[in-house]
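Heads up: the structure comes next, in structure tokens.
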Amino acid sequence: MYINNSGTMYAMSRSMTGRPARFSRERLAQVAFEIADREGFDAVSMRRVARELGAGTMTLYSYVRTKDELVALMDDHLMGELLVSEEELARPWRDALTAVLRRTYRLRLQHPWSLTALQNASLGPNALRHAEQTLAALEGSPFSDEQKLTVMVVADSFVDGHALRRAEVTAELAPDATVGDRSRRALEMIASGPYPHMRRSWATLESWRPGAAAWLDESFERGVTALLEGLVRLFSDRP
């Protein structure tokens, strides 16, 4: 079952009745994912997936009715990869939630096109399992059930936002490029303009010339810690 953007649940179309299934919907999603990883999401089409499978385009309509259904399968495929082990969920709540967020961040970076291309995909069972795991990770936390939903939304937004920024910044850089390499023109403007606060911050950063990817990954780890500490303090201060 899947949930479209209007909240309506529907069943994905099955293969033709009376005929053995040649492919699985999971296989279709995997092939579409591989195309997107190699060539970008815009290269994904029913025709292209069918060609990769060595099948006719009409054959795919025995499994999915529209490209939207194919995208829903792709999203569910990704959400399945986000699931963490029961051992990780059994850890103290901060560690468990951090494990969920860290896995989400890393997989988003492996498939950066998913940060924008799958935003409007219909929810599938693995998306619900991912949300369930996030809430399960919060068992033992000081948050109420209502507050846990807020924590989940805020944390997911932080992860996706940071992953999007990291993907943008490092997309065209060499693996060992520094933050300054990416922002050379901006640094020239900061050095010559009325930006004293920016100048001091960047001067400190440039003094140790961190790698852009490593610096952003470290910023993610620090941000998760700060986010959780801030949310605990925020809700504990409420009457």
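Structural remarks
- One residue stands out among those in the range 34-82 that are hydroxyl-bearing (S, T, Y) and in contact with a helix residue (DSSP H, G or I) (Cβ under 8 Å, 6 or more places away or on another chain): the one that is farthest from Q119 (Cα to Cα), which is T59.
- Scan of the range 96-127 for residues that are part of a loop (DSSP other than H, G, I, E, B) and touching a strand residue (DSSP E or B) at 6+ places or on another chain (Cβ under 8 Å), ordered by number: S122, G124
- A search for C-beta distances below 8 Å between a residue of the range 63-83 that is at positive phi and free of Cβ contacts under 8 Å to residues at least 60 places away in the same chain and any residue that is open to solvent by 10 Å² or more (accessible area, probe 1.4 Å) and aliphatic (A, V, I, L, M), counting only pairs 6+ apart in sequence or on different chains, returns nothing.
- Scope the range 115-170; condition without any contact (Cβ under 8 Å) to a residue 40 or more places away in the chain, hydroxyl-bearing (S, T, Y) and crowded, with 17+ Cβ neighbours inside 10 Å; matching residues: T134
- Index of the failed condition, A117 passing every other in (1) modelled with pLDDT of 95 or more; (2) in contact with a Gly (Cβ under 9 Å, 6 or more places away or on another chain); (3) not basic (K, R): (1)
- Restricting attention to the range 37-69 and to residues that are among the β-branched types (V, I, T) and more than 26 Å from the chain's Cα centre (by Cα), the residue that is surrounded by the most Cβ atoms within 10 Å (Cβ to Cβ) turns out to be T59.
The values are calculated or read from the model by the stated rules, or taken from the named source; none is laboratory data. Note that the structure is predicted; figures quoted are calculated from it, not measured. Here Cβ is always computed from backbone atoms with ideal geometry, including for glycine, and neighbour counts include all displayed protein chains. Ligands, DNA and RNA are excluded from the accessible area calculation, which covers all protein heavy atoms including side chains. Shrake-Rupley method; radii C 1.70, N 1.55, O 1.52, S 1.80 Å.
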